[in-house]
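The values are calculated or read from the model by the stated rules, or taken from the named source; none is laboratory data. Fair warning: this is a prediction, and the values are worked out from it, not measured in the lab. Positions of Cβ are backbone-derived with ideal geometry, glycine not excepted, and every protein chain shown enters the neighbour counts.
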Amino acid sequence: MGMTIGYVMERAIVTRDAQALVQGTWHWEQRTLDEWAMDIRVVNRQIRLKSTREGELARKRALLDAALADLHDRTVQGLALARVRFRSDAVKLGVLQGLSADGTTREEILEQALEWEAAWRRLEPSWSPTPDNTLELLKALRIYSRTMAVLSPELGGQARGQSARGGPR
């Protein structure tokens, strides 16, 4: 039988309550009622702390995943519109040759965004695919995403085969 924290807590409370019922006729030397109460309070506090930490990690992971999804979308959009804009310029089209925005993992998305950023600088840094997709914003979003992934390793690791958007590749 697998023991969960809920099961253990339930057994501790039942044992303490049983001890309280027979306290006048029987004394258990291993643990007093006050010790049971203290242990139960400690475990309840640890459960609350763990729950709070898990909630904070989930919030941070959601922020990182949203930033990476935005970064990926901006990379896809910028690369596609650059190919259209520079289709008649063989030199600039050559800069785009070999670039891709089909990444699904966090590392692939970050790497492809960096490659697109470098190519964009060589092409025409003042050009923007759309008014809200600028080179400066792409760079800031890439740095933010990389920093969050590096500074919070519990957020940055993802299982092989998992996409940055949460599903299988």
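Among all residue pairs at least 6 apart or on different chains, which show Cβ distances below 9 Å where the first residue, located in the stretch 40-68, is more than 20 Å from T104 (Cα to Cα) and the second is exposed (fewer than 11 other Cβ atoms within 10 Å of the Cβ)?
Final answer for the pair search is L57/E154.
Show the residue pairs meeting these rules: Cβ distance below 9 Å; 6+ apart or different chains; first residue within the stretch 124-144 and under 21 Å from G94 (Cβ atoms); second residue of a type outside the set (D, E, K, R) and exposed (fewer than 14 other Cβ atoms within 10 Å of the Cβ).
Within 9 Å, the pairs are P129/A80; L135/P125; L135/S126.
Give the residue that is nearest to I40 (Cα to Cα), with candidates limited to residues of the stretch 5-19 that are of a type in the set (A, V, I, L, M) and within 35 Å of the chain's Cα centre (by Cα).
At the first step, the residues of the stretch 5-19 found to be of a type in the set (A, V, I, L, M) are 5, 8-9, 12-14, 18.
Next, from what is left, pick out any that are within 35 Å of the chain's Cα centre (by Cα): 5, 8-9.
On the way: I5: 11, V8: 10, M9: 7 Å.
The extreme case among them is M9.
Every residue in the stretch 89-145 that is more than 24 Å from the chain's Cα centre (by Cα), of a type in the set (S, T, Y) and under 15 Å from L79 (Cβ atoms), please.
Passing the criteria: S128, T130, T134.
Has the stretch 112-131 got any residue that is in a helix (DSSP H, G or I) and hydroxyl-bearing (S, T, Y)?
Taking every residue of the stretch 112-131 in turn, none turns out to be in a helix (DSSP H, G or I) and hydroxyl-bearing (S, T, Y).
Looking for whichever is more than 30 Å from E154 (Cα to Cα), small (G, A, S) and surrounded by 16 or more Cβ atoms within 10 Å (Cβ to Cβ) here; the options are G98, G78, G94. Which one fits? Reasoning before the result, please.
On the way: G98 fails: surrounded by 16 or more Cβ atoms within 10 Å (Cβ to Cβ); G94 fails: surrounded by 16 or more Cβ atoms within 10 Å (Cβ to Cβ).
Selected residue: G78, the only one of G98, G78, G94 that is more than 30 Å from E154 (Cα to Cα), small (G, A, S) and surrounded by 16 or more Cβ atoms within 10 Å (Cβ to Cβ).
Going residue by residue through the stretch 141-153, is there one that turns out to be closer than 15 Å to A62 by Cα, in contact with a Lys or Arg (Cβ under 9 Å, 6 or more places away or on another chain), at pLDDT below 95 and not hydroxyl-bearing (S, T, Y)?
Yes: the stretch 141-153 contains one or more residues that are closer than 15 Å to A62 by Cα, in contact with a Lys or Arg (Cβ under 9 Å, 6 or more places away or on another chain), at pLDDT below 95 and not hydroxyl-bearing (S, T, Y).
Which of the following residues is among the polar types (S, T, N, Q), modelled with pLDDT of 95 or more, out of contact with any strand residue (DSSP E or B) (no Cβ under 6 Å at 6 or more places or on another chain) and on the phi < 0 side of the Ramachandran plot: T75, T52, T104?
Values: T52 fails: modelled with pLDDT of 95 or more; T104 fails: modelled with pLDDT of 95 or more.
Step by step, each of T75, T52, T104 is checked, and only T75 is among the polar types (S, T, N, Q), modelled with pLDDT of 95 or more, out of contact with any strand residue (DSSP E or B) (no Cβ under 6 Å at 6 or more places or on another chain) and on the phi < 0 side of the Ramachandran plot.
Can you say whether G166 is under 30 Å from R53 (Cα atoms), in contact with an Asp or Glu (Cβ under 7 Å, 6 or more places away or on another chain) and either acidic (D, E) or at pLDDT below 95 (or both), as far as the supplied structure shows? Write out each step before concluding.
Working: under 30 Å from R53 (Cα atoms): yes; in contact with an Asp or Glu (Cβ under 7 Å, 6 or more places away or on another chain): yes; either acidic (D, E) or at pLDDT below 95 (or both): yes.
Yes, satisfied.
Just to verify a result, which residue in the stretch 8-59, among those that are surrounded by fewer than 12 Cβ atoms within 10 Å (Cβ to Cβ) and of a type in the set (V, I, T), is nearest to S152 (Cα to Cα)?
T52
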